[in-house]
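The structure appears below as structure tokens.
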Amino acid sequence: MNAYTNQYQQRQYQQNHIYTATQEQILIMLYDGAIRFTRQAIMAGEQGNQAEKLGRISKTLAIITEFSNTLNHEIGGKIAADLDGLYQFMIRELNAARKDESGEKLKTVERLLVDLRETWGQAIDINHQQQEDATSASEQEAQKAQLEKVYTPLNAAG
């Protein structure tokens, strides 16, 4: 196989992975992407590659802006408002990071993104466990109801 075929197959795999992902998986993928782009911007800044740094900051900004734009303030209430405030802070830090030679603003954003990604990951795990527990409980109730249907006529006949 040639390089073009390999790239095409890899792109197809990535597209299929995204198209079949749950909303939760997409959220985690976006956090992973924002973290990766922020780290790449930090490295580019350390290497003096301003164009690369600016490009990676732009990609991170796009993801965080999308996070902010898709918050549901009606359902999310205070949590959505707090997240929005955090996203707006990160956007300001990223904009300031364009001229920041120290890389500290990018490192601040990276830490926040890593913490948020970890928190979302834990929340998703807890939600899945609760759903499994609820499903298990409802399955047990259904089995009990089935057994009662089977055994009730026997008990009534006896």
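Every number here is computed from the coordinates shown, using simple stated rules; none is lab data. Computed from a predicted model, the values in this text were never measured in an experiment. Reconstructed Cβ throughout: ideal geometry from the backbone, glycine too, with neighbour counts over all protein chains shown.
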What is the gain in length, in nm to one decimal, between residue 28 and residue 102 on full extension, counting 0.36 nm per residue of separation less the C-alpha to C-alpha distance?
-> 23.8 nm
May I ask you to list the GluC sites (Glu not before Pro) in region 61-111 that are in a DSSP loop and have at most 13 other Cβ atoms within 10 Å of their Cβ?
-> 101
Computed ³J(HN,Hα) along region 54-62: with the Karplus parameters 6.51/-1.76/1.60, θ = phi - 60°, integer Hz and x for glycine or proline, the list is 5, x, 6, 4, 4, 5, 5, 4, 4
Could you list which residues have their amide H under 5 Å from that of residue 103, counting only those 5 or more apart in sequence or on another chain, with H placed in the peptide plane?
-> none
Between residue 133 and residue 65, the two model label points (7 Å from Cα along the beta-carbon direction) sit apart by a distance in nm of 4.1 nm
Trypsin sites (Lys or Arg not before Pro) in region 29-111 lying in a DSSP loop, each with at most 11 other Cβ atoms within 10 Å of its Cβ, come to 99
Point-to-point label distance, residue 46-residue 21, nm (Cα→Cβ direction, 7 Å offset) = 2.6 nm
Just subtract the alpha-carbon distance of residue 81 and residue 36 from 0.36 nm times their residue separation and send over the number in nm, one decimal.
-> 13.6 nm
Under 5 Å from the placed amide H of residue 98, counting only residues 5+ away or on other chains, we find none
Using a cut-off of 13 Å between beta-carbons, work out the net charge of the residues near residue 125 (Lys and Arg +1, Asp and Glu -1, residue 125 not included).
-> -3
